[in-house]
Amino acid sequence: MSTAGFNSQNGTGTGQTYANGPTQNPVALQQTPGVGYSMNHQQAYNPMQAKAPAPPGPGLYPSGPYQPIPPISSYLLGPQVTSYPSSPGHPLLTRPPMGATPSHTPPLSASPIPGPRMPPAQATPPPPAVSSSSYYQNPQQPMAPVWQYNAATPPMGPAPSMNTPPRGPVTNHVNQAAGLAGPLPQSAAVYSSAPPPHMSSRPAQFSGPGLPPTSMHGYTQPGTAPPPMAPQAYQPVRPAYGPPPTGPPSSMKPTLPPTGTSVASATPPPPNVDGTVAGNGPQAANSYNHVDNRMAGPTQPAPPGRHLGHYPSLPPGYQNTSAPPVNPPMHPAMQAATQPYTQAPQPFQQPPGGPGPAQLSPSMAAMSLQSNTPEALRVVNLLQERNLLPPSPVSAPTPCLPQDLQKLNCSPEVFRSTLTSIPQTQALLNKAKMPLGLLLHPFKDLSQLPVVTSSTIVRCRSCRTYINPFVSFLDQRRWKCNLCYRVNDVPEEFMYNPVSRSYGEPHKRPEVQNATIEFIAPSEYMLRPPQPAVYLFVLDVSHNAVETGFLSVFCQSVLDNIDALPGDSRTKVGFITFDSTIHFYNLQEGLSQPQMLIVSDIEDIFLPTPDSLLVNLNECKELVQDLLKSLPSLFEKTMETQSALGSALQAAFKLLSPTGGRMSVFQTQLPNLGVGALQSREDPNQRASSKDIQHLSPATDFYKKLALDCSGQQVAVDLFLLSAQYCDMASLGCISRYSAGSVYYYPSYHHRHNPAQVERFQKDLKRYLTRKIGFEAVMRIRCTKGLSIHTFHGNFFVRSTDLLSLPNVNPDAGFAVQMSIEENLDDMQVVSFQAALLYTSSKGERRIRVHTLCLPVANSVSDIFAGADVQAITGLLACMAVDRSVTASLSDARDAMINASIDSLSSYRQFALTIQQPGLLAPTCLRLFPLYILALLKQKAFRTGTSTRLDERMFAMYQLKYQPLAFAMLMIHPALYRVDDLTDEGALNINERTIPQPAILQLSVEKLSREGAFLMDAGTVMYLWIGRNCHPNFLTQVLGVPNYAALPDNLYLLPELDTAESQRTRAFIGWLRDQRPFFPSLHIIRDESQLKPVFMQSMIEDRTESALSYYEFLLHVQQQISK
């Protein structure tokens, strides 16, 4: 196999080829920026690109004096939206045009090797156009005003059945008409990493044949040919948007979009002096410039939740198949990332003589005959329909695939696309104005994972794709790659099926029956023997650290879990402590007690006894336990206040370099001595500033450079910050971000004053010490020819264009990538994406975990909207906005998020809505998009006008980048439940426990009641708010207090009472906690609590002094669309 082009970073020098991962494509293409392979490259629409300098002053929110408005007044019946006085002659501010922010990594086709294209489906008579008006019943009838609470939720119809494909020649639902050619104007651009060409202010026109008319969802009926459509000029929609008003919104009526032409021109930002462009993370000055162009920023992780193959129910199309095994149901927000998925798929049968996609036509065409509007495209007037938040979780949309492919597809918990129908061309993606990207959770804990041991791992000879369920078998001896379409030979060994013990059925092998599979890799995937599990703990023991009391909690946790550390007989451990000096611990076998060695020369750090500082855990366990028992008392009288963190990290790097491993750093203050010393940059008076927030980028490149050195030696650094003081997370976080580590933050940690944080630290540490871990890992994402990946999000180092270096990989980390369409996908019906993660297990096995996702290709804007995954889009936009905040400014990122919602709804109205109606219209699948965008604007990472510590803001940004999607969505839009009236109606029964299932409520004070108790689940924290007039029965039966006045201030534990109410409440909260790998602390708050303002800030739909209500935000979006 080809290994050209990879320099070894595996601890064996730099001159060798790298064989520890999926190998790079043998052919490298040099691509001119902005030019595709064989087509006019489409200018990319990117909501994260500022088109001009952002205007000074507040962005979204008014900064004037606060005028209290009762929350109820935000929601008026019907179209009466004139309750806010308008300011005559006071126009809305105009939004700055947004320009391009190219990414670090240049776009590269996943498979540059030319190969046979997938042949088109068998010819059938072209279908006639279907009237799109038939999708709306009574289109002329005005919508009833239902902008009020407690109204009935609009009915959600089941998806059309896909059980029986039609017989005979039928057309595929993917129309194979010619694509659109020619450049698009700036306002219609897509997410791209190429610097945009200069755009003139004239509207560009499409050249080439026009698209034939199709129905709203791209469905056509067989029969006569469609009438030709004349080419149309594409007009920019409107002038540049303005930020939301700075006061109460003007009086306005819903208006139709203008019929005239408005032009917006923009000039992209020039590249930097060194030729690089702004991109996916902070650039370290004068350091590692040769790798910065390939650097990508940290990711948002994917959800650790349910296990592959265990999902609650079958979708409508699957009800004739056997049910999957019963598994405990999940927390609603976890289900949002989960789709029904069957584990025992039928054999992937190939009709005799039919290669590749031609065989897909009949079953895919079955969906072309579905009548009525798909539920995803049902029109919703956001200004009239109030109860849009479903009482149960939002689930991921099911791709519009034939049933035999869909049941083989990868679980959305592991692999999820923002669009489940991939546009045929970049021009079509530009039209839809939605981001195209993938969200991954590649190392997720799975209950069922097929593991294959084979001396031959079957891969495509051209693009190195692993064989998967979506390849085509031309016959028993040949298979066609689904990414580059090369025909490959089936190896002799692959003819035998180890499951059925039969010969001659390669299409029934586990590799071709499972979209997620793990291989035990043969020796050719190793450059050196697999490394042992090595754990090094670096502990702050300054006076400040001892005061917090974290040391005793840490030592006790390690003592309790020392036998559960992942590893084998080779596992090694070591300890370093530091204040103004560095302390090493000799734990060599044969010593009667641990020996402390102090190095005071922090400027030129060295290892006093290199061979006895990292010791075999099994051989020296007693010495390690003695050290952990004595450490807390060793420093309890210290008066040393300085912290030489930089030197301690250098020493730890020297110690781990020969083997690689995991470095766990515990820090409680700002480093102030030696290399890497930092100064406080936070101005407490600016915490509530409505202007741009400063100091979101690192103060020094020391930590980034050290992280890159660590990555090269297979060392990952995990950072635990436990402090009430400013620690400059923007700088310190780089050590974890670029070495594929994690950041944990415990603000105001104190063992006596903050018991809730202590409990969270204990539970997090237990999970951290005992969870699965992969060492010396690399990950590559491949995609079908014509698509390319250009920006990565997550904690890693980009070693080459598409190879992520992950010294450690853990099951709680997620990643995201942005994509573009380099070549038209005209003759393709489906495209595929494959993520391959090569790692060393803690037992010393080299393994490859492969996930493959298959999605249909769409040729109409309606199809693209119908397949939009609103939560995945929100998660990807959050990652992009974090990068934008660091590389440009917070106000740019906020404006870009607002523009994303305006652009997508404007595009829907212009290109997908056939019957124009007044109001702010959205398809059902995007009905929550403006709400999620508003929630992001009010999230701790992006909010302005509300007091937010700089470290807390940066930590929120890190979490959005690497949390799995299900948990990131809880941080963005928490779940609110009423819990004082829990019943067994509709409850789940899990392990003989009854779990109540209350409805999810809208995040508005209007939903609260002084007579009730309400639980808010915000992901990493939970709040239980007790109303002043809460029923005495709840107080006594659940909280164990006689009345409201007896409720203590800092209650964080529910008493275990032997009452039905207590058992229900504790069961529900425990069930929510069980759905995530980290431990959310619980705060029980009342009206006088200090945490009440924090609870109220999460009421996203209400107006605050510095933020619009949801209704006001919708009015602003409508006003921008109607310009």
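The values are calculated or read from the model by the stated rules, or taken from the named source; none is laboratory data. What you see is a predicted model; the values in this text were computed from it and never measured. Cβ coordinates were reconstructed from backbone atoms using ideal geometry, including for glycine residues, and neighbour counts include every protein chain displayed. To get the accessible areas, we keep the full protein, side chains included, count just its heavy atoms, and leave off ligands, DNA and RNA. Shrake-Rupley method; radii C 1.70, N 1.55, O 1.52, S 1.80 Å.
Miscellaneous remarks
- Here is the figure for segment 441-456: residues that are in a loop (DSSP other than H, G, I, E, B) and out of contact with any helix residue (DSSP H, G or I) (no Cβ under 8 Å at 6 or more places or on another chain) total 8.
- Test: residue in segment 665-681 that is in contact with a strand residue (DSSP E or B) (Cβ under 8 Å, 6 or more places away or on another chain), open to solvent by 50 Å² or more (accessible area, probe 1.4 Å) and in a loop (DSSP other than H, G, I, E, B): no
- Some residue of segment 696-711 being open to solvent by less than 10 Å² (accessible area, probe 1.4 Å), small (Gly, Ala, Ser) and out of contact with any helix residue (DSSP H, G or I) (no Cβ under 8 Å at 6 or more places or on another chain): yes
- Tally of residues being assigned to a loop (DSSP other than H, G, I, E, B) and touching a Gly at 6+ places or on another chain (Cβ under 9 Å) across segment 575-604: 4
- Restricting attention to segment 471-497, the residues being in a loop (DSSP other than H, G, I, E, B) and surrounded by fewer than 23 Cβ atoms within 10 Å (Cβ to Cβ) number 5.
- Candidates ALA835, ALA893, filtered to the one that is in contact (Cβ under 8 Å) with a residue 12 or more places away in the chain and in contact with a Ser or Thr (Cβ under 7 Å, 6 or more places away or on another chain): ALA893
- Scanning segment 983-1018 for residues that are in contact (Cβ under 8 Å) with a residue 12 or more places away in the chain, over 23 Å from LYS940 (Cβ atoms) and out of contact with any helix residue (DSSP H, G or I) (no Cβ under 9 Å at 6 or more places or on another chain) returns ASN991, ALA999, SER1009, ARG1010, GLU1011.
- Which numbered condition CYS620 fails, given (1) in contact (Cβ under 8 Å) with a residue 60 or more places away in the chain; (2) more than 25 Å from GLN713 (Cα to Cα); (3) buried (at least 16 other Cβ atoms within 10 Å of the Cβ): (1)
- Condition check for PRO510: modelled with pLDDT under 95 and out of contact with any Cys (no Cβ under 6 Å at 6 or more places or on another chain): yes
- Long-range neighbours under 8 Å by Cβ, at least six apart or interchain, first residue free of Cβ contacts under 8 Å to residues at least 40 places away in the same chain within segment 460-479, second acidic (Asp, Glu) and not in a loop (DSSP other than H, G, I, E, B): ARG477/ASP489; ARG478/ASP489
- Where strands (runs of 3 or more DSSP E) fall entirely within segment 954-1046, those with at least 1 residues that are touching a strand residue (DSSP E or B) at 6+ places or on another chain (Cβ under 6 Å) and open to solvent by 10 Å² or more (accessible area, probe 1.4 Å) are at 975-978, 988-990, 1021-1026.
- Checking each residue in segment 955-982 for being under 21 Å from SER1009 (Cβ atoms), free of Cβ contacts under 8 Å to residues at least 40 places away in the same chain and not acidic (Asp, Glu) picks out only ARG978.
- When every residue of segment 426-433 is checked against the conditions, at least one turns out to be open to solvent by less than 10 Å² (accessible area, probe 1.4 Å), out of contact with any Cys (no Cβ under 7 Å at 6 or more places or on another chain) and part of a loop (DSSP other than H, G, I, E, B).
- Qualifying positions in segment 498-519 - closer than 21 Å to ALA836 by Cβ, open to solvent by 10 Å² or more (accessible area, probe 1.4 Å) and part of a loop (DSSP other than H, G, I, E, B): ARG509, GLN513, ASN514
- Scanning segment 914-931 for residues that are open to solvent by 10 Å² or more (accessible area, probe 1.4 Å) and not charged (D, E, K, R) turns up THR914, ILE915, GLN916, GLN917, PRO918, CYS925.
- Qualifying residue in segment 799-809 (condition: over 24 Å from LEU446 (Cβ atoms), of a type in the set (Val, Ile, Thr) and at pLDDT below 95): yes
- Segment 719-743: number of residues that are open to solvent by 10 Å² or more (accessible area, probe 1.4 Å) and not in a loop (DSSP other than H, G, I, E, B): 1
- Meets criteria (modelled with pLDDT under 90, under 24 Å from the mean Cα position of the chain (by Cα) and of a type in the set (S, T, N, Q)) for SER447: yes
- Single condition ARG909 does not satisfy, out of (1) touching a Phe, Trp or Tyr at 6+ places or on another chain (Cβ under 9 Å); (2) in contact (Cβ under 8 Å) with a residue 24 or more places away in the chain; (3) part of a helix (DSSP H, G or I); (4) surrounded by fewer than 24 Cβ atoms within 10 Å (Cβ to Cβ): (1)
- Selection within segment 580-616 - open to solvent by less than 80 Å² (accessible area, probe 1.4 Å) and touching a residue at least 60 places away in the same chain (Cβ under 8 Å): SER580, THR581, ILE582, PHE584, ILE602, LEU614
- The set of residues in segment 434-450 that are open to solvent by less than 10 Å² (accessible area, probe 1.4 Å) and of a type in the set (Gly, Ala, Ser) contains only GLY437.
- Qualifying residue in segment 699-713 (condition: in a loop (DSSP other than H, G, I, E, B), touching a Ser or Thr at 6+ places or on another chain (Cβ under 6 Å) and either farther than 24 Å from ALA545 by Cβ or among the aromatic types (Phe, Trp, Tyr) (or both)): yes
- Among the residues listed as ASN544, ASN561, the single one being over 15 Å from LEU655 (Cα atoms), modelled with pLDDT of 95 or more, touching a Ser or Thr at 6+ places or on another chain (Cβ under 9 Å) and assigned to a helix (DSSP H, G or I): ASN561
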